[in-house]
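Note sheet for the following structure.
The values are calculated or read from the model by the stated rules, or taken from the named source; none is laboratory data. Nothing here was measured: the structure is a model prediction, and the numbers come from that model. Counting neighbours? That spans all protein chains shown, and the Cβs are built from the backbone with ideal geometry, glycine included. The protein model used for the area step is the full one, side chains on, heavy atoms only, and it has no ligands, DNA or RNA in it. Shrake-Rupley method; radii C 1.70, N 1.55, O 1.52, S 1.80 Å.
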Amino acid sequence: AKNGANGTTIVWSSDKPQYIASDGTVTRPTYTNGNEVVTLTATVVKGDEQRTKTFSLTVIRAPQTDAEAVIEDRASLTIVYAPYEGADGLIENITLPLTGACGTTVSWASNKPAVIATNGTVTPVAHADTDVTLTATITKGSSSQTRVFILKVYGIFKVGGAVSGLSSSGLILV
């Protein structure tokens, strides 16, 4: 309770004391949780008389932490494929992002760099489809997480002395 003007007593209450306590202490919500609208109620008392007034306040979320940036960019990380290609079948080069929207850096590792290099260059193997595991490491500050992608690279085959395979435009005959 606080003493107000003209001999009144004011008692404050909050519907979300974890963000604004009744003593006025403010704790910002996390970036991930977002802004919080809090209703403060002032109860003014003098003698037998009592009045209340409510105030709606928005507590702005805290800045994004490095860990939250990594989590957000990991979730939205995508590989860019040629038209009509995807993780379940490709033969063209791919684009591997090196940065995320939240200011993270992305590095790549390949379990078969001769088939898919860490710069996105795709080199199909003769006579065999090949599964390749790409591992992205998303980093900001001291926070880091990985995300694994498994891609199938179509093989190329010799047909009557010519090389054929699949591409974004269909069958290739050379």
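Using the 1.4 Å probe convention, the accessible area of the chain works out to 60 Å² per residue with neighbouring protein chains retained.
Pop the C-beta distance of Asp48 and Ala101 into the FRET formula with R0 = 45 Å and round what comes out to the nearest 0.05. Walk me through the numbers before you get to the answer.
Numbers: r = 59 Å, r/R0 = 1.31.
Approximately 0.15, to the nearest 0.05.
Between Gly24, Leu57, Val11, the Cα set farthest toward the positive side of the dipole of segment 1-119 (charges on each charged residue's Cβ, about the Cα centre) is that of Val11.
Think of each Lys and Arg Cβ as +1 and each Asp and Glu Cβ as -1; about the Cα centre, that makes the dipole of the chain roughly 300 debye. At q = 0.23 Å⁻¹, what is the log10 ratio I(q)/I(0) for segment 1-91, with the Debye formula run over Cα points and no solvent? Relative scattering, expressed as log10 I(q)/I(0), comes to -1.08. The solvent-accessible area of Ile60, taken with every protein chain present and a 1.4 Å probe, is close to 90 Å². With 5 Å bins beginning at zero, the pair-distance distribution over Cα atoms of the chain amounts to 1, 8, 12, 11, 9, 8, 7, 6, 5, 5, 5, 5, 4, 4, 3, 2, 2, 1, 1, 0, 0 %. Using a probe radius of 1.4 angstrom, the carbon and sulfur fraction of the accessible surface of the chain is 55%. Legend: P(r) of segment 63-144 from all alpha carbon pair distances, 10 Å bins from 0, whole percents, reading 18, 44, 26, 11, 1, 0. Using the alpha-carbon atoms, what tilt in degrees (0 to 90, nearest 10) does helix 66-76 show relative to the longest principal axis of the chain? Orientation of helix 66-76: about 50 degrees from the principal axis.
Using a Cα distance threshold of under 28 Å, what count of lysine pairs results for segment 1-142 when pairs must be 8 or more residues apart or interchain?
Working: Lys2/Lys16; Lys2/Lys46; Lys2/Lys53; Lys16/Lys46; Lys16/Lys53; Lys112/Lys140.
Summing the qualifying lysine pairs gives 6.
Only one residue of Tyr154, Pro124, Ala82 has its Cα farthest out toward the positive end of the dipole of the chain, where Lys and Arg carry +1 and Asp and Glu -1 on Cβ, and that residue is Ala82.
Placing unit charges on the Cβ atoms only, positive for Lys and Arg and negative for Asp and Glu, gives segment 15-89 a dipole magnitude near 500 debye about its Cα centre. With a cut-off of 15 Å on the backbone N, the residues of segment 96-113 near the modelled label site 7 Å out from Ser144 along Cα-Cβ are 104-110.
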